[in-house]
1. Tell me yes or no: at least one residue of segment 181-194 is of a type in the set (Lys, Arg), touching an Asp or Glu at 6+ places or on another chain (Cβ under 7 Å) and surrounded by 15 or more Cβ atoms within 10 Å (Cβ to Cβ).
2. On the given criteria, is ALA269 more than 30 Å from the chain's Cα centre (by Cα), small (Gly, Ala, Ser) and modelled with pLDDT of 95 or more?
3. Kindly indicate whether THR288 is touching a helix residue (DSSP H, G or I) at 6+ places or on another chain (Cβ under 9 Å), under 30 Å from GLU159 (Cβ atoms) and in a helix (DSSP H, G or I).
4. Evaluate the following for GLU197: is it of a type in the set (Asp, Glu), within 23 Å of the chain's Cα centre (by Cα) and under 30 Å from HIS328 (Cβ atoms)?
5. Listed residues SER215, SER227; which is modelled with pLDDT of 95 or more, surrounded by fewer than 18 Cβ atoms within 10 Å (Cβ to Cβ) and in a loop (DSSP other than H, G, I, E, B)?
6. Take segment 249-259 and flag every residue that is exposed (fewer than 15 other Cβ atoms within 10 Å of the Cβ) and in a loop (DSSP other than H, G, I, E, B).
7. Which of the residues spanning segment 291-301 are touching a His at 6+ places or on another chain (Cβ under 6 Å) and either in a helix (DSSP H, G or I) or under 17 Å from ARG95 (Cα atoms) (or both)?
8. Give the residues of segment 237-248 that are exposed (fewer than 15 other Cβ atoms within 10 Å of the Cβ) and either in contact with a Ser or Thr (Cβ under 8 Å, 6 or more places away or on another chain) or among the aromatic types (Phe, Trp, Tyr) (or both), sorted by residue number.
Amino acid sequence: MYTHYTHIQCREKVFAPFLFQILIHFMHAFLIWTFRFSLSATPGSREHDPSSQQVTKRHRKLLKTSPVRRPHTNSSHSPSSSSSSRRLSDVQESRRRIIREVCGKYRSNISRTITPHHVSRIYVEDRHKLLYCEVPKAGCSNWKRILMVLAGVANSTREINHVAVHYDNHLKRLDSFDHQGISKRLETYTKVLFIREPMERLVSAFRDKFESPNSYYHPVFGKPIISKYRVNASQTALKTGSGVTFREFIHYLLDVHRPVGMDIHWEAANQLCSPCHLHYDFIGKVETLEEDANFLLRKIGAPENLTYPSFKDGNPKAARTSTQITQHYFSLLNASERQRAYDFYYMDYLMFNYSKPYKDLY
(Lines give C-alpha, C1' and ligand atoms only; values in the text may rest on other atoms or scores of the structure.)
Protein backbone atom coordinates (compact mmCIF):
# COMPACT_ATOMS: atom_id res chain seq x y z
CA MET A 1 0.00 0.00 0.00
CA TYR A 2 2.90 2.33 0.80
CA THR A 3 4.41 1.70 -2.69
CA HIS A 4 1.11 2.43 -4.36
CA TYR A 5 0.78 5.64 -2.39
CA THR A 6 4.28 6.77 -3.45
CA HIS A 7 3.43 6.10 -7.09
CA ILE A 8 0.36 8.32 -6.86
CA GLN A 9 2.39 11.04 -5.11
CA CYS A 10 4.91 11.10 -7.95
CA ARG A 11 2.33 11.35 -10.75
CA GLU A 12 -0.43 13.43 -9.18
CA LYS A 13 1.13 15.65 -6.55
CA VAL A 14 -1.90 17.87 -6.44
CA PHE A 15 -4.02 15.24 -4.71
CA ALA A 16 -1.35 14.06 -2.24
CA PRO A 17 -2.52 15.83 0.94
CA PHE A 18 -6.13 14.77 0.39
CA LEU A 19 -5.30 11.12 -0.27
CA PHE A 20 -2.91 10.99 2.67
CA GLN A 21 -5.63 12.13 5.09
CA ILE A 22 -8.08 9.52 3.76
CA LEU A 23 -5.48 6.79 4.22
CA ILE A 24 -4.69 7.83 7.79
CA HIS A 25 -8.38 7.80 8.78
CA PHE A 26 -8.88 4.38 7.18
CA MET A 27 -5.91 2.84 9.01
CA HIS A 28 -7.00 4.35 12.33
CA ALA A 29 -10.53 2.93 12.01
CA PHE A 30 -9.17 -0.50 11.02
CA LEU A 31 -6.87 -0.65 14.05
CA ILE A 32 -9.67 0.28 16.48
CA TRP A 33 -12.00 -2.36 14.99
CA THR A 34 -9.29 -5.03 15.16
CA PHE A 35 -8.49 -4.21 18.79
CA ARG A 36 -12.15 -4.43 19.85
CA PHE A 37 -12.58 -7.75 18.03
CA SER A 38 -9.52 -9.17 19.74
CA LEU A 39 -10.94 -8.21 23.14
CA SER A 40 -14.22 -9.96 22.41
CA ALA A 41 -12.35 -13.17 21.49
CA THR A 42 -9.88 -13.13 24.42
CA PRO A 43 -10.05 -16.23 26.72
CA GLY A 44 -11.76 -15.33 29.97
CA SER A 45 -14.39 -13.12 28.41
CA ARG A 46 -16.88 -16.01 28.00
CA GLU A 47 -18.86 -15.01 31.08
CA HIS A 48 -20.94 -12.86 28.74
CA ASP A 49 -21.65 -15.83 26.47
CA PRO A 50 -25.06 -17.38 27.36
CA SER A 51 -24.05 -20.76 25.96
CA SER A 52 -20.90 -20.97 28.12
CA GLN A 53 -22.89 -20.04 31.23
CA GLN A 54 -25.33 -22.86 30.49
CA VAL A 55 -22.53 -25.44 30.20
CA THR A 56 -21.11 -24.36 33.55
CA LYS A 57 -24.44 -24.78 35.33
CA ARG A 58 -24.99 -28.20 33.79
CA HIS A 59 -21.48 -29.32 34.82
CA ARG A 60 -22.01 -28.24 38.42
CA LYS A 61 -25.33 -30.08 38.52
CA LEU A 62 -23.65 -33.26 37.32
CA LEU A 63 -20.95 -32.95 39.97
CA LYS A 64 -23.60 -32.69 42.67
CA THR A 65 -25.87 -35.50 41.48
CA SER A 66 -23.67 -38.08 39.74
CA PRO A 67 -21.47 -40.60 41.63
CA VAL A 68 -18.39 -39.73 39.62
CA ARG A 69 -15.25 -41.72 40.50
CA ARG A 70 -12.27 -39.50 41.00
CA PRO A 71 -9.38 -40.15 38.65
CA HIS A 72 -6.28 -41.78 40.12
CA THR A 73 -3.96 -39.13 38.76
CA ASN A 74 -4.20 -36.89 41.81
CA SER A 75 -3.06 -39.56 44.22
CA SER A 76 -1.77 -42.80 42.85
CA HIS A 77 0.37 -41.22 40.15
CA SER A 78 1.84 -38.45 42.27
CA PRO A 79 5.53 -38.82 43.14
CA SER A 80 4.85 -39.39 46.83
CA SER A 81 2.15 -42.03 46.30
CA SER A 82 4.22 -43.80 43.65
CA SER A 83 7.12 -43.92 46.09
CA SER A 84 4.82 -45.27 48.81
CA SER A 85 3.44 -47.90 46.44
CA ARG A 86 6.95 -49.05 45.54
CA ARG A 87 7.93 -49.18 49.21
CA LEU A 88 4.88 -51.28 50.12
CA SER A 89 5.47 -53.58 47.14
CA ASP A 90 9.06 -54.08 48.31
CA VAL A 91 7.80 -54.89 51.82
CA GLN A 92 5.50 -57.54 50.39
CA GLU A 93 8.28 -59.11 48.33
CA SER A 94 10.49 -59.23 51.43
CA ARG A 95 7.77 -60.91 53.51
CA ARG A 96 7.11 -63.51 50.82
CA ARG A 97 10.83 -64.18 50.44
CA ILE A 98 11.32 -64.77 54.17
CA ILE A 99 8.45 -67.26 54.25
CA ARG A 100 9.91 -69.11 51.27
CA GLU A 101 13.32 -69.29 52.95
CA VAL A 102 11.93 -70.51 56.28
CA CYS A 103 9.73 -73.10 54.57
CA GLY A 104 12.68 -74.27 52.50
CA LYS A 105 14.88 -74.63 55.57
CA TYR A 106 12.48 -76.04 58.15
CA ARG A 107 9.59 -77.58 56.19
CA SER A 108 11.29 -78.94 53.08
CA ASN A 109 10.33 -82.53 53.88
CA ILE A 110 6.57 -81.98 54.25
CA SER A 111 4.09 -83.17 51.65
CA ARG A 112 3.05 -80.44 49.20
CA THR A 113 -0.37 -82.00 48.64
CA ILE A 114 -3.10 -79.51 49.50
CA THR A 115 -5.98 -81.02 51.44
CA PRO A 116 -9.31 -79.48 52.55
CA HIS A 117 -7.74 -79.02 55.99
CA HIS A 118 -5.15 -76.62 54.54
CA VAL A 119 -7.87 -74.32 53.16
CA SER A 120 -10.48 -74.69 55.91
CA ARG A 121 -9.79 -71.20 57.34
CA ILE A 122 -9.90 -69.42 53.98
CA TYR A 123 -12.84 -67.22 52.97
CA VAL A 124 -13.70 -66.65 49.31
CA GLU A 125 -14.77 -63.40 47.63
CA ASP A 126 -15.38 -64.21 43.96
CA ARG A 127 -16.14 -60.70 42.65
CA HIS A 128 -12.62 -59.45 43.30
CA LYS A 129 -10.98 -62.89 43.20
CA LEU A 130 -9.80 -62.73 46.79
CA LEU A 131 -8.93 -65.51 49.23
CA TYR A 132 -8.52 -64.43 52.86
CA CYS A 133 -7.17 -66.75 55.56
CA GLU A 134 -8.71 -65.97 58.93
CA VAL A 135 -6.29 -65.57 61.82
CA PRO A 136 -8.35 -64.67 64.92
CA LYS A 137 -7.14 -61.67 66.93
CA ALA A 138 -5.38 -60.29 63.86
CA GLY A 139 -8.10 -58.01 62.53
CA CYS A 140 -10.22 -60.83 61.14
CA SER A 141 -13.64 -59.45 62.18
CA ASN A 142 -13.17 -56.26 60.22
CA TRP A 143 -11.65 -58.17 57.34
CA LYS A 144 -14.78 -60.27 57.12
CA ARG A 145 -16.80 -57.06 57.09
CA ILE A 146 -14.73 -55.89 54.13
CA LEU A 147 -15.34 -59.18 52.31
CA MET A 148 -19.08 -58.80 52.87
CA VAL A 149 -19.04 -55.31 51.37
CA LEU A 150 -16.96 -56.51 48.41
CA ALA A 151 -19.44 -59.35 47.88
CA GLY A 152 -22.40 -56.95 47.89
CA VAL A 153 -23.88 -58.26 51.15
CA ALA A 154 -23.73 -54.77 52.69
CA ASN A 155 -23.02 -51.23 51.52
CA SER A 156 -20.78 -50.26 54.42
CA THR A 157 -18.73 -52.00 57.09
CA ARG A 158 -20.57 -49.87 59.68
CA GLU A 159 -23.82 -51.66 58.85
CA ILE A 160 -22.45 -55.09 59.85
CA ASN A 161 -22.73 -56.04 63.52
CA HIS A 162 -20.81 -58.69 65.43
CA VAL A 163 -23.49 -61.36 65.00
CA ALA A 164 -23.67 -60.87 61.23
CA VAL A 165 -19.88 -61.15 60.98
CA HIS A 166 -19.47 -64.36 62.94
CA TYR A 167 -22.76 -66.26 62.84
CA ASP A 168 -24.82 -65.40 59.75
CA ASN A 169 -22.75 -67.37 57.22
CA HIS A 170 -22.67 -64.69 54.54
CA LEU A 171 -19.23 -65.78 53.33
CA LYS A 172 -18.14 -69.00 51.66
CA ARG A 173 -15.13 -71.00 52.78
CA LEU A 174 -12.76 -72.45 50.24
CA ASP A 175 -13.23 -76.01 51.52
CA SER A 176 -16.93 -75.81 50.58
CA PHE A 177 -15.96 -76.09 46.89
CA ASP A 178 -15.04 -79.26 45.04
CA HIS A 179 -11.44 -80.12 44.17
CA GLN A 180 -11.59 -78.29 40.85
CA GLY A 181 -13.11 -75.18 42.43
CA ILE A 182 -10.43 -75.13 45.12
CA SER A 183 -7.55 -75.60 42.67
CA LYS A 184 -8.85 -72.97 40.24
CA ARG A 185 -9.18 -70.35 42.95
CA LEU A 186 -5.81 -71.11 44.49
CA GLU A 187 -4.18 -70.67 41.08
CA THR A 188 -5.96 -67.49 39.95
CA TYR A 189 -7.09 -65.56 43.05
CA THR A 190 -5.12 -63.20 45.29
CA LYS A 191 -4.29 -65.13 48.47
CA VAL A 192 -4.16 -62.93 51.57
CA LEU A 193 -2.92 -63.53 55.11
CA PHE A 194 -2.84 -61.04 58.00
CA ILE A 195 -0.88 -61.90 61.12
CA ARG A 196 0.11 -60.36 64.46
CA GLU A 197 3.00 -60.50 66.91
CA PRO A 198 2.38 -63.95 68.45
CA MET A 199 2.58 -63.05 72.16
CA GLU A 200 0.40 -60.00 71.66
CA ARG A 201 -2.15 -62.08 69.79
CA LEU A 202 -2.10 -64.68 72.58
CA VAL A 203 -2.73 -62.08 75.30
CA SER A 204 -5.48 -60.51 73.21
CA ALA A 205 -7.21 -63.89 72.96
CA PHE A 206 -6.88 -64.55 76.69
CA ARG A 207 -8.31 -61.16 77.64
CA ASP A 208 -11.21 -61.52 75.22
CA LYS A 209 -12.22 -65.07 76.10
CA PHE A 210 -11.42 -65.34 79.81
CA GLU A 211 -11.48 -61.85 81.33
CA SER A 212 -14.82 -60.88 79.79
CA PRO A 213 -18.12 -62.74 80.31
CA ASN A 214 -18.33 -65.57 77.80
CA SER A 215 -21.00 -68.26 77.73
CA TYR A 216 -18.86 -70.61 75.64
CA TYR A 217 -15.21 -70.28 76.66
CA HIS A 218 -15.78 -70.18 80.42
CA PRO A 219 -17.62 -73.52 80.67
CA VAL A 220 -15.92 -75.29 77.74
CA PHE A 221 -12.32 -74.22 78.41
CA GLY A 222 -12.37 -72.51 81.79
CA LYS A 223 -13.80 -75.40 83.81
CA PRO A 224 -11.27 -78.07 82.70
CA ILE A 225 -8.39 -75.58 82.97
CA ILE A 226 -9.27 -74.66 86.55
CA SER A 227 -9.92 -78.29 87.42
CA LYS A 228 -6.47 -79.44 86.26
CA TYR A 229 -4.18 -76.51 87.05
CA ARG A 230 -5.64 -74.81 90.15
CA VAL A 231 -4.93 -76.18 93.58
CA ASN A 232 -7.88 -76.04 96.00
CA ALA A 233 -10.24 -74.55 93.42
CA SER A 234 -13.55 -73.35 94.80
CA GLN A 235 -16.79 -75.05 93.86
CA THR A 236 -17.97 -71.85 92.23
CA ALA A 237 -14.90 -71.68 89.99
CA LEU A 238 -15.23 -75.35 89.09
CA LYS A 239 -18.90 -74.88 88.28
CA THR A 240 -18.65 -71.69 86.21
CA GLY A 241 -15.16 -71.85 84.74
CA SER A 242 -14.77 -68.13 85.35
CA GLY A 243 -11.61 -66.50 86.64
CA VAL A 244 -8.92 -68.45 84.76
CA THR A 245 -5.55 -66.79 85.40
CA PHE A 246 -3.02 -66.11 82.67
CA ARG A 247 -0.55 -68.57 84.19
CA GLU A 248 -3.21 -71.30 84.28
CA PHE A 249 -4.01 -70.55 80.66
CA ILE A 250 -0.32 -70.85 79.69
CA HIS A 251 -0.04 -74.17 81.54
CA TYR A 252 -2.98 -75.46 79.52
CA LEU A 253 -1.49 -74.13 76.25
CA LEU A 254 1.88 -75.83 76.80
CA ASP A 255 0.53 -79.12 78.13
CA VAL A 256 0.90 -81.97 75.62
CA HIS A 257 -1.96 -83.68 77.48
CA ARG A 258 -4.38 -80.78 77.51
CA PRO A 259 -7.70 -81.42 79.25
CA VAL A 260 -9.45 -79.73 76.32
CA GLY A 261 -8.37 -79.28 72.72
CA MET A 262 -6.82 -76.33 70.92
CA ASP A 263 -8.74 -73.32 69.67
CA ILE A 264 -8.25 -71.15 66.59
CA HIS A 265 -7.90 -68.02 68.73
CA TRP A 266 -4.52 -69.15 70.06
CA GLU A 267 -3.47 -71.71 67.47
CA ALA A 268 -0.25 -70.68 65.67
CA ALA A 269 -0.90 -68.73 62.46
CA ASN A 270 1.29 -71.06 60.40
CA GLN A 271 -0.89 -73.97 61.52
CA LEU A 272 -4.11 -72.15 60.64
CA CYS A 273 -3.10 -70.89 57.20
CA SER A 274 -0.38 -73.28 55.94
CA PRO A 275 1.88 -70.70 54.25
CA CYS A 276 4.36 -73.38 53.17
CA HIS A 277 1.62 -75.01 51.10
CA LEU A 278 -0.40 -72.08 49.81
CA HIS A 279 2.20 -69.44 48.84
CA TYR A 280 0.33 -66.28 49.84
CA ASP A 281 0.46 -63.29 47.50
CA PHE A 282 -0.04 -60.72 50.25
CA ILE A 283 1.07 -60.86 53.89
CA GLY A 284 -0.26 -58.08 56.07
CA LYS A 285 0.56 -57.33 59.69
CA VAL A 286 -1.55 -55.87 62.48
CA GLU A 287 1.36 -53.57 63.33
CA THR A 288 0.86 -51.85 59.94
CA LEU A 289 -2.75 -52.92 59.51
CA GLU A 290 -4.49 -49.94 57.93
CA GLU A 291 -1.61 -49.16 55.57
CA ASP A 292 -1.30 -52.78 54.44
CA ALA A 293 -5.05 -53.31 54.14
CA ASN A 294 -5.75 -50.15 52.17
CA PHE A 295 -2.82 -50.85 49.84
CA LEU A 296 -4.28 -54.28 49.14
CA LEU A 297 -7.79 -52.90 48.57
CA ARG A 298 -6.51 -50.51 45.92
CA LYS A 299 -4.55 -53.36 44.31
CA ILE A 300 -7.62 -55.57 43.89
CA GLY A 301 -9.79 -52.73 42.54
CA ALA A 302 -12.04 -52.28 45.56
CA PRO A 303 -14.30 -49.19 45.63
CA GLU A 304 -12.35 -46.04 46.47
CA ASN A 305 -14.49 -45.32 49.53
CA LEU A 306 -13.85 -48.76 51.06
CA THR A 307 -11.04 -48.67 53.60
CA TYR A 308 -10.13 -50.79 56.60
CA PRO A 309 -12.48 -49.96 59.52
CA SER A 310 -10.94 -48.23 62.49
CA PHE A 311 -13.57 -49.31 65.02
CA LYS A 312 -13.01 -52.19 67.46
CA ASP A 313 -15.11 -55.34 67.35
CA GLY A 314 -16.25 -57.18 70.45
CA ASN A 315 -15.87 -55.19 73.68
CA PRO A 316 -15.39 -51.56 72.56
CA LYS A 317 -14.64 -50.36 76.11
CA ALA A 318 -11.64 -52.62 76.60
CA ALA A 319 -8.28 -51.16 75.64
CA ARG A 320 -6.61 -52.75 72.65
CA THR A 321 -3.92 -55.23 73.59
CA SER A 322 -0.68 -53.31 73.16
CA THR A 323 2.98 -54.17 73.59
CA GLN A 324 2.87 -52.70 77.11
CA ILE A 325 -0.18 -54.75 78.10
CA THR A 326 1.42 -57.89 76.68
CA GLN A 327 4.61 -57.29 78.66
CA HIS A 328 2.56 -56.95 81.83
CA TYR A 329 0.93 -60.34 81.35
CA PHE A 330 4.19 -62.09 80.54
CA SER A 331 5.84 -60.53 83.59
CA LEU A 332 3.49 -62.79 85.59
CA LEU A 333 5.35 -65.83 84.23
CA ASN A 334 8.79 -67.11 85.10
CA ALA A 335 11.63 -67.32 82.56
CA SER A 336 10.97 -70.99 81.79
CA GLU A 337 7.30 -70.38 81.05
CA ARG A 338 8.13 -67.45 78.79
CA GLN A 339 10.69 -69.56 76.94
CA ARG A 340 8.25 -72.40 76.38
CA ALA A 341 5.58 -70.00 75.15
CA TYR A 342 8.10 -68.55 72.70
CA ASP A 343 9.02 -72.07 71.56
CA PHE A 344 5.33 -72.80 70.96
CA TYR A 345 5.12 -69.91 68.47
CA TYR A 346 8.69 -70.20 67.21
CA MET A 347 7.74 -70.88 63.57
CA ASP A 348 5.44 -67.85 63.54
CA TYR A 349 8.32 -65.71 64.78
CA LEU A 350 10.58 -67.04 62.03
CA MET A 351 8.13 -67.03 59.12
CA PHE A 352 6.75 -63.58 59.80
CA ASN A 353 10.05 -62.02 60.87
CA TYR A 354 9.16 -60.92 64.40
CA SER A 355 11.93 -60.19 66.88
CA LYS A 356 12.28 -62.04 70.17
CA PRO A 357 9.95 -60.30 72.61
CA TYR A 358 12.21 -60.76 75.66
CA LYS A 359 15.96 -60.60 76.15
CA ASP A 360 16.17 -63.76 78.26
CA LEU A 361 14.87 -65.94 75.40
CA TYR A 362 17.18 -68.08 73.34
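1. Kept after step one, since they are of a type in the set (Lys, Arg), are these residues of segment 181-194: 184-185, 191.
From what is left, the residues that are touching an Asp or Glu at 6+ places or on another chain (Cβ under 7 Å) are 191.
The next check asks that each one be surrounded by 15 or more Cβ atoms within 10 Å (Cβ to Cβ); those that pass are 191.
Yes, there is a match, as at least one residue in segment 181-194 is of a type in the set (Lys, Arg), touching an Asp or Glu at 6+ places or on another chain (Cβ under 7 Å) and surrounded by 15 or more Cβ atoms within 10 Å (Cβ to Cβ).
2. Here the answer is no, as ALA269 does not meet what is asked.
3. Taking the combined requirement at face value, the residue satisfies it.
4. So GLU197 passes the test.
5. Values: SER227 fails: in a loop (DSSP other than H, G, I, E, B).
SER215 is the lone residue from the list that is modelled with pLDDT of 95 or more, surrounded by fewer than 18 Cβ atoms within 10 Å (Cβ to Cβ) and in a loop (DSSP other than H, G, I, E, B).
6. ASP255, VAL256, HIS257, PRO259
7. If the condition is that a residue be touching a His at 6+ places or on another chain (Cβ under 6 Å) and either in a helix (DSSP H, G or I) or under 17 Å from ARG95 (Cα atoms) (or both), then no residue fits.
8. Hit for segment 237-248 is LEU238, nothing else.
The values are calculated or read from the model by the stated rules, or taken from the named source; none is laboratory data. Everything quoted here is computed from the prediction, not taken from an experiment. Here the Cβ is made from the backbone with ideal geometry for all residues, glycine too, and neighbour counts use every protein chain on show.
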